[in-house]
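Worksheet for the structure shown next.
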Amino acid sequence: MPSSTIELTTLGHRIRHYRTSAGLTLDELGLAVGVAGSHLSLIENGKREPKLSLLQEIATATGAQLSDLLSSEPPNRRAALEIELERAQSAHAFRRLGLPPIRVTKGLSDETIETVLGLHHELQRREREAIATPEEARRANTELRLRMRERNNYLPDIEKLAEKQLKAAGHTAGALTHRTVSIMAAQLGFELIYASDLPQSTRSITDLENGRIYLPPASIPGGHGLRSMALQAMAHRLLGHQPPSDYADFLQQRLEINYYAACCLMPLTNSVAFLQQAKKERDLAVEDFRDAFGVTHEAAGMRMTNLLTEHVGIPLHFLRVDGDGAISRVFENDDLPLPMDVTGAVEGQIVCRKFSARSAFAEQNRTTEHYQYTDTPSGTFWCSTQTGSTPEGEFSITVGVPFDDAKWFRGRETTQRATSTCPDEACCRRPAAEAANRWEGKAWPSARVHMQMFTPLPRGAFPGVDDNEVYAFLDRHL
């Protein structure tokens, strides 16, 4: 059955086409199939998804085949124009303008719709030309994010591999120890070595010839940094990675090694049991999950995106937002409205000021999670946000769910509530009229260039890594 808005719109147009071809009104067809004409009107306008049995009755009543109704092609040129206009008016670039969409009526001519569509195409072309970030990187990152969204951010083969390696190393429960990580490395034929002169452009270096994994000593003695980097280095070997052929391949490898490390630090069986018990008690919390496995708040939040939908039945979103409001890491499968450019890229975009991912920066007490309900054009969402800081600046980590699923989480009783109408620029991007009139022509702000998350491909085998530094490092240690 069709599921997306555009697919339902096409289905509605095809039903209307065959109904009118048969000379039937909505009420006449409704009487023939046993539903109200108003119900059929919702279906024809793409607002309601019909059952398969009703579609069969509609096909019989209109003299069409069921396959005719379910075809993905618009029934005629007029329907194709209307569907394309609906798609254009639902695009982020148009919605951001804050203009009301054109309502399609019988009196609206085909020529008028074509003219409006021409304006939409020009708007999209100009936005594409305005993008100054590396196209290859942005496209690859967007495609990878969408693929993982379809899979609920879940990779079962890597889950199984991690469980197998943990079992072989004797790990059964609790936080993964540094000693167990060393055992896992030894079972693969590697020794963990800490080197103070590791090149700045590398997280680790694996010496395949001599069986060594070099790590920065800053990871000692605690935290999950050492464990995570060692596990990621091992994952390259376990997953059979070769030097990436392009940026998309590089991103895929980075995702897979990070996923493997998370599976080891927060093993599937124990993690799911922990989350299911917390849901049963209506006390799900990122901070509890974090502390149970001795990882960072960000790692715990990201791991929940792997497991909550697949094993606990809860769609969710995850955001890491910098102090200036730019999204640096994101996942959502709960339809949270996110800012994006014309290519669909989200990273580097500025999140709404009303979201808890930004409002949490204003909180005086940052030692605990900040809870908030946010009303958006896509519904109401509950969010839990924790802030932190690095030498580069502040950041926030947010995990949130649709309103109906807030009942499973600690902090659901919060009275903190906000309303976001983004991408309407009147929400939080336009100044108040009084302030704009007061300062128009009297002030000149100088914009700070935002450093995007990804950069163009360098010439080396591994993006971002200076090969000469790596080889010189290995020469010093052999």
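The values are calculated or read from the model by the stated rules, or taken from the named source; none is laboratory data. As the structure is a computational prediction, the values presented were derived from the model and not from experiment. Note: ideal-geometry Cβ built from the backbone for every residue, glycine included; neighbour counts use all protein chains shown. Protein only, heavy atoms only, side chains kept; ligands, DNA and RNA dropped before computing areas. Shrake-Rupley method; radii C 1.70, N 1.55, O 1.52, S 1.80 Å.
Details
- Against the test of being part of a helix (DSSP H, G or I), open to solvent by 80 Å² or more (accessible area, probe 1.4 Å) and of a type in the set (Lys, Arg), the options 48, 14, 87, 103 yield a single qualifying residue, 87.
- Test: residue 155 is over 30 Å from residue 338 (Cα atoms), modelled with pLDDT of 85 or more and touching a helix residue (DSSP H, G or I) at 6+ places or on another chain (Cβ under 8 Å): no
- Within region 347-364, residues that are on the phi > 0 side of the Ramachandran plot and crowded, with 19+ Cβ neighbours inside 10 Å sit with their Cβ atoms under 9 Å from residues that are of a type in the set (Lys, Arg) and modelled with pLDDT under 95, at 6+ positions apart or across chains, in these pairs: 348/138.
- For the residues 229, 234, the requirement of being open to solvent by 20 Å² or more (accessible area, probe 1.4 Å), assigned to a helix (DSSP H, G or I) and on the phi < 0 side of the Ramachandran plot singles out 229.
- Some residue of region 16-26 being within 30 Å of residue 424 (Cα to Cα) and at pLDDT 90 or above: no
- In the condition set (1) buried (at least 16 other Cβ atoms within 10 Å of the Cβ); (2) farther than 30 Å from residue 338 by Cβ; (3) at pLDDT below 90, residue 224 is compliant with all but (2).
- Selection status of residue 434, outside any loop (DSSP other than H, G, I, E, B) and more than 29 Å from residue 290 (Cβ to Cβ): yes
- Where residue 70 falls short, out of the listed (1) surrounded by fewer than 15 Cβ atoms within 10 Å (Cβ to Cβ); (2) at pLDDT 85 or above: (1)
- Listed by first and then second residue, the pairs linking a residue in region 267-281 that is at negative phi to a residue that is hydroxyl-bearing (Ser, Thr, Tyr) and open to solvent by 20 Å² or more (accessible area, probe 1.4 Å), with Cβ atoms under 9 Å apart and 6 or more places separating them unless they lie on different chains, are 270/172.
- Top-ranked residue of region 291-307 - restricted to ones that are over 18 Å from residue 162 (Cα atoms) and within 21 Å of the chain's Cα centre (by Cα), ranked as least open to solvent (accessible area, probe 1.4 Å): 301
- Some residue of region 383-406 being touching a strand residue (DSSP E or B) at 6+ places or on another chain (Cβ under 9 Å), in contact (Cβ under 8 Å) with a residue 40 or more places away in the chain, of a type in the set (Val, Ile, Thr) and open to solvent by 70 Å² or more (accessible area, probe 1.4 Å): no
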